Each structure stands twice: as C-alpha cells, then as structure tokens.
Amino acid sequence: MSSLRCTIAKHPIIFLVDTSTTLNQLKQIHNQLLINGIINDPHLFGQFVASIALNNPINLTYSNRLLDHCHNPTLFTFNSMIRAHCKSSTPHRSFEFYKRIITSTHRLSPDNYTFNFLVRTCAQILSLEAGMLVHCSVLKHGFDSDPHVQSGLIFMYAAMGCLDSCHKVFDQIPVPDLVCQTAIVSACAKWGEVVLARKLFDEMPVRDLIAWSAMIAGYAQCGLSRKALDLFNLMQIEGVKVNEVSMVSVLSACTHLGALNQGRWAHAYIEKNRLKMTVTLGTALIDMYAKCGDMNKAMEVFRCMGEKNVYTWTSVINGLAMNGAGEKCLELFSMMKQAGVRPNEVTFISVIRGCSVVGLVEEGREHFDSMRRVYGIEPQLEHYGCLVDLYGRAGRLDEALNAIDDMPMKPHAGAWGALLNACTIYKNTEMGELASRKLVELEAKNHGAYVLLSNIYADSKEWDKVTDVRQVMKAKGVKKLPGCSAIEVDGEVHEFFVEDKSHPRYNEIEFMLGEISRRLRSAGYVANTKPVLFDIEEEEKEDALCKHSEKIAIAFGLISLKQNQPIRIVKNLRVCWDCHDVTMMISKIFDREITVRDRNRFHHFKDGHCSCKGYW
DNA sequence: CTAGGGTTAG
C-alpha cells in the first residue's frame, strides 16, 4: 500500500489516508484527533477534511459531512474540496464550495487555485455555460494572468470543442509559457487545425517530451498516422526521451496503419527501455496486435497484464470479433464479468459483433437484452445496427426487419445498411429495394446503397434495373469514396489509392497485375467472377481488376515480399465482392497467405478460401 | 499546506 503522507505543520500526528482507507479507519483517525484536541484547531481540522477529500474520493461523503462540523474552514479546505470533487463522480458539487467561499462570513475570497480547479470541473462536466461564467469570474478577480488558469482555460475550451475561444485566450497571453503553448497545439490538432498545430509546434522556442507527445498524438487522432510516426522519428533524432505516454500514440498510429513491424519494434523498444507497462500502454499494445492481424500476440500481451480495465477487455474482445473468433470472444466476455469488470456500451458492440460473425444469433440477442436488464445500459443506434446485422447475416431477414421496427429512435443509415447487406447475401430483392430506398432517403449520396442494390439486380439478371440505378447514380452525382489500401514492406508502409500509378515501382506493379489477370484467366477463374458493380463489358471488368486499391497493394506485395511472408493489407473501406473473390483466387494460384483488414473485420485468405466464409 | 500541457476500446 502506498500511503500518502499528509503532515500537519509541526504536529506529531501524520495522517495516513489514501484510496484504500476504510470508513472505520477514518473514524479512528477522527477519534485520535478528538483526543489530541486538534479538532478544536480550525486550521488543522480543515486540513484533515481536505486530506480525506484529496486522497480518498470514495469517502468524499465523509469529508462532506465533516466539513459541516468545521466552524471556520479555510480557503485551503474549500479549494481542496473543489479539487476533490472535480475528478469525482459528482463534479458539479464543486460549485457548492465556490459558493461557500464567496458567501463565507470569514471574508474569504477565491484565489488562483480556486479558479484553476473550477475551470477543470467545467471541462469535466462539459458545460460551456458554466465554463463561461467561471471565465467571467476569472477576469473579474484578475486571475487571467495566472499561467495555471490560462492553460486551464485553453484545456477547458478544447474539451468542449470551442477552438475559437481557445485561440482568444491564447492570443491574449503576452508571453505564454510552455504549458500553454502545448495546450493550444493539442487543442488545434484535436479539432482539425492540424496544420496550424504543427506551425505553432515548430514555433515553440523549447519543446519538451509532453509537447512532442501532444503533436504526435494530434496527428494520430486526426488519422494522419504516417505523420505521427515521422514526427516520432524526428523526436528520437533530436534525442528527446520517450516515455510510456508518448508510446501509446505511436502504437495507435501503427494500429491505424496496420504497420505490424513498426508496432513490433515499438513493443521491443518498450521492453528494452523498460518503459512502465501501464494499463493504457498494455491496452494500446493489444489493440495494435489485434488490428494488425496477430491475435496470438495480442492474447499473449493480454495474459501478461496484471491490471485490466474495461478498455483492456473490450480491446481483446473486439479483436477476437474482428478476427472471426466469435466463441472465444464470448468466453473472454464471460471472464471479464467474472473478473468483476463492468462492461459498458462499447463492450457490447464488440460482443454482439462477435456473435454476428459466427452466427450465434440467440446468444447475441441475449447479450443485447442483458444490456438494459442487467447493466442498465440503454441500447443506442449502434447496438440496434449490430442486432440487425446479427439477424441479417444469419439469413433471418424478417427478424432483422423487425429489429429495425422495434427501434425506439429513428433508424439510422447503419441499420438499413446492415439490412441491405443481408439482402445482398441472401438475394432478397424486395426487402433490398426497401432498405436501399430508406438508405438513400437518409443519405442521398450513399454510394453503398446504390452498389448493393445494383448487385442484387445483377444477381437476378434484371439488367434494365441495373441500368436505372446506374443512371440515378450519375444524375445525382454519387461518387465512390476513394479506396485506400496500405501494405507494410520492410518496415515501411506503402499506400495505394484507386487507380494509383504514383508508386516508384509502378511499372513492375503493372506487370504483376497483368500476370495476375493472365493466370486467373488461364485457370478459368474469370468466368466465375460475379458481375462487378454493373453489367459491364468484359474488357471493363478486366480493367476494374486493376483499379481497386487492394489489388494494386496485393500486386506490390507479390513483387516485394518473399514467398513465405504473408501479404497483409489494410483497407479504409469494405472489401468489394470482386476483390474478395479475386483475392481468394490469388491466394491459391500464387500460394500466398493474404490478410486483408477492411473497415469491418479481418479476412484471412489461404488456399483459395477466406476465413470469413463469405459471411461478411 | 493545494495547481497546469501529452495516452487506450466502437
């Protein structure tokens, strides 16, 4: 037990109060104080109350009650109470103590500490109204020149997404210190002004570890993972020491890029430099391995971790679901509950997905129902979307539709999209038309709605309707989102977009694409290819084969990786039917293991088959 | 006697 020593000025009694101090122990200490007469010393008693509040948020109620017996609590006492409540489950109660300061009969007046804590309470409860009132009081009392309060205000407005206010506060600081500079960099990166963030970062006269971490995290959060890793390299070149917090953002960037080798390097770095394996860092590692396709390693890290929180469990459960290991996913969920970790709304999304990928409909439904019944979590749009998917993938289309009808809120595009996807798999034209109509009503330019509908028509050879859909798409200007696939070769991530010819080795890639095409055709596979997008001409189909980003990436993998090295692709969209078919064939003809992570899940291709068994 | 900036799961 790490005890926090709270010494009372020159008094022999030392309080040992921390998060594990029980109520009974507190009462014993309280009695000790009574015996020693400290209770009559208002200043010391105020400190006692404060020390409980600060070190034992669980017993906040106790210090609240004690405070009522405090005859003349000091500003220190009140400040401590505000600070303690700020991070508790009842942050709004901070304001009660502010009120007691300003209405105090002992002529107390708030100081810079008071406002610093109050500002953080506002950030905590995300109340812009409260934040602006506190800001006014800060100005009124003249604490806007205090650097702690300044950074606090930037932090608060950043938490609420008021970037303009962040800038206003920052611009009025004559000489912002390192902390304020970092706060504004972080705020800009968090809310889309990442270029400005970088500019401010570059202009900083001194940059410490936290400043670097803030900028790296900013890139990672914007999805600019490549830039995050580049900056991390620069940071190392400049000789700035890395710690466990900065490593989390680095791992997060690796995760999004699917850069397994860089992630492995980061893991080795962590162990070699003995960075503290915090829960957060461990969770980031698990997520990295899981989303880069190495689920075994993810499980290994998971088993080695001592403390596991809801993030940790959810990461591993989600990883198993994404990799199609539904049963294992449910096993871990049950272990999580046994370990006494309470699942939250995110956990349930992964659990129901896990059921969905292996067709465990009844289990999935039970978990969905248990959300509200057992855990008091109201299912949100996402959960209903998962439920529709659960029924839909299993071919139980009527129940999927019922799930949509049962939604207490307006069904979102995700719900209809899940239904439409199911209609495509099970070739239900009628319901598919309904789903795509609803989808288009919600999102007029939803590319998927048109593509899937036309797939249904193409499957049932209704070419006229296929043409109609095509014309509507053209008329509405519906454009396909640009697909992007990434592949890591020798620790470097290469990105390919649709029809991307910009790679320095494109000549070889093009040659390989031709080779793929020839070998698929000679093996008689092309004839089996489902109608791509529309009833396009044979030549166009051939052309389409070379267009999609994952095919270019796979071709690059074939020319740049050794035969025994698996080809691992990360795609920003979902894999299309055609690419899925073609990749299965490539895995057989070229005798390669290919793993594709699309935005939904993993596909492990081997010997002409895919781990998803067409169930996606 | 109390404070500030960077981190994880959908």
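The values are calculated or read from the model by the stated rules, or taken from the named source; none is laboratory data. Note that this is a predicted model, so its numbers are computed, not measured. Cβ coordinates were reconstructed from backbone atoms using ideal geometry, including for glycine residues, and neighbour counts include every protein chain displayed. For the accessible areas, the whole protein counts, side chains as well, though only heavy atoms, and no ligand, DNA or RNA atoms are used. Shrake-Rupley method; radii C 1.70, N 1.55, O 1.52, S 1.80 Å.
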Filter region A:499-509 down to the residues that are within 30 Å of A:Tyr450 (Cα to Cα) and in contact (Cβ under 8 Å) with a residue 12 or more places away in the chain and list them by number. A:Glu499, A:Asp500
Go through region A:591-606 and report how many residues are farther than 15 Å from A:Arg574 by Cβ and surrounded by fewer than 17 Cβ atoms within 10 Å (Cβ to Cβ). 3
Do we find a residue being surrounded by fewer than 17 Cβ atoms within 10 Å (Cβ to Cβ) and part of a helix (DSSP H, G or I) anywhere in region A:287-302? yes
Confirm whether A:Ser151 is among the hydroxyl-bearing types (Ser, Thr, Tyr) and in a loop (DSSP other than H, G, I, E, B). no
Can you find a residue that is under 25 Å from A:Arg568 (Cα atoms), over 18 Å from the mean Cα position of the chain (by Cα) and without any contact (Cβ under 8 Å) to a residue 60 or more places away in the chain anywhere in region A:334-351? no
From the list A:Gly414, A:Gly448, A:Gly432, exactly one residue is assigned to a helix (DSSP H, G or I), open to solvent by less than 70 Å² (accessible area, probe 1.4 Å), touching a Cys at 6+ places or on another chain (Cβ under 7 Å) and small (Gly, Ala, Ser). Which is it? A:Gly432
Among the β-branched types (Val, Ile, Thr) and surrounded by 16 or more Cβ atoms within 10 Å (Cβ to Cβ), is that true of A:Ile270? yes
It is to be established whether one or more residues within region A:485-495 are within 36 Å of the chain's Cα centre (by Cα), among the hydroxyl-bearing types (Ser, Thr, Tyr) and at pLDDT 85 or above. yes
Filtered residues of region A:70-109 (kept if open to solvent by less than 10 Å² (accessible area, probe 1.4 Å), within 18 Å of A:Ala123 (Cα to Cα) and more than 10 Å from DNA strand B (Cβ to nearest atom)): A:His85, A:Ser94, A:Phe97
Only one residue in A:Ile125, A:Ile154 is within 11 Å of DNA strand B (Cβ to nearest atom), more than 24 Å from A:Thr74 (Cα to Cα), among the hydrophobic types (A, V, I, L, M, F, W, C) and in contact with a helix residue (DSSP H, G or I) (Cβ under 8 Å, 6 or more places away or on another chain), so which one is that? A:Ile154
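Can you name the helices (runs of 4 or more DSSP H) wholly within region A:47-106 that have at least 2 residues being farther than 16 Å from A:His30 by Cα and of a type in the set (A, V, I, L, M, F, W, C)?
Hits in region A:47-106: A:75-86, A:94-102.
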More than 23 Å from the chain's Cα centre (by Cα), farther than 30 Å from A:Ser109 by Cβ and touching a residue at least 12 places away in the same chain (Cβ under 8 Å), is that true of A:Met204? yes
Note down all Cβ pairs under 8 Å where the first residue falls in region A:181-199 and is small (Gly, Ala, Ser), the second is within 10 Å of DNA strand B (Cβ to nearest atom) and open to solvent by 60 Å² or more (accessible area, probe 1.4 Å), and they're at least six residues apart or on different chains. A:Ala183/A:Phe155; A:Ala187/A:Phe155; A:Ala189/A:Gln221
Residues of region A:470-498 satisfying the condition of being in contact (Cβ under 8 Å) with a residue 60 or more places away in the chain and under 20 Å from A:Thr424 (Cβ atoms): A:Arg470, A:Leu481, A:Gly483
Check every one of the helices (runs of 4 or more DSSP H) wholly within region A:163-252 and list those with 1 or more residues that are more than 8 Å from DNA strand B (Cβ to nearest atom) and open to solvent by 60 Å² or more (accessible area, probe 1.4 Å). A:163-171, A:194-203, A:225-237
Please work out if A:Arg372 is of a type in the set (Lys, Arg), within 16 Å of DNA strand B (Cβ to nearest atom) and touching a Pro at 6+ places or on another chain (Cβ under 7 Å). yes
Pick from region A:354-377, criterion among the aliphatic types (A, V, I, L, M) and over 22 Å from A:Asn323 (Cα atoms), ranking: most open to solvent (accessible area, probe 1.4 Å): A:Val374
Scan region A:273-327 residue by residue and report those that are of a type in the set (Lys, Arg), free of Cβ contacts under 8 Å to residues at least 60 places away in the same chain and either within 12 Å of DNA strand B (Cβ to nearest atom) or touching a strand residue (DSSP E or B) at 6+ places or on another chain (Cβ under 7 Å) (or both). A:Lys276, A:Lys308
A:Leu257 being more than 9 Å from DNA strand B (Cβ to nearest atom), modelled with pLDDT under 95 and either of a type in the set (S, T, N, Q) or farther than 18 Å from A:Ile352 by Cα (or both): yes
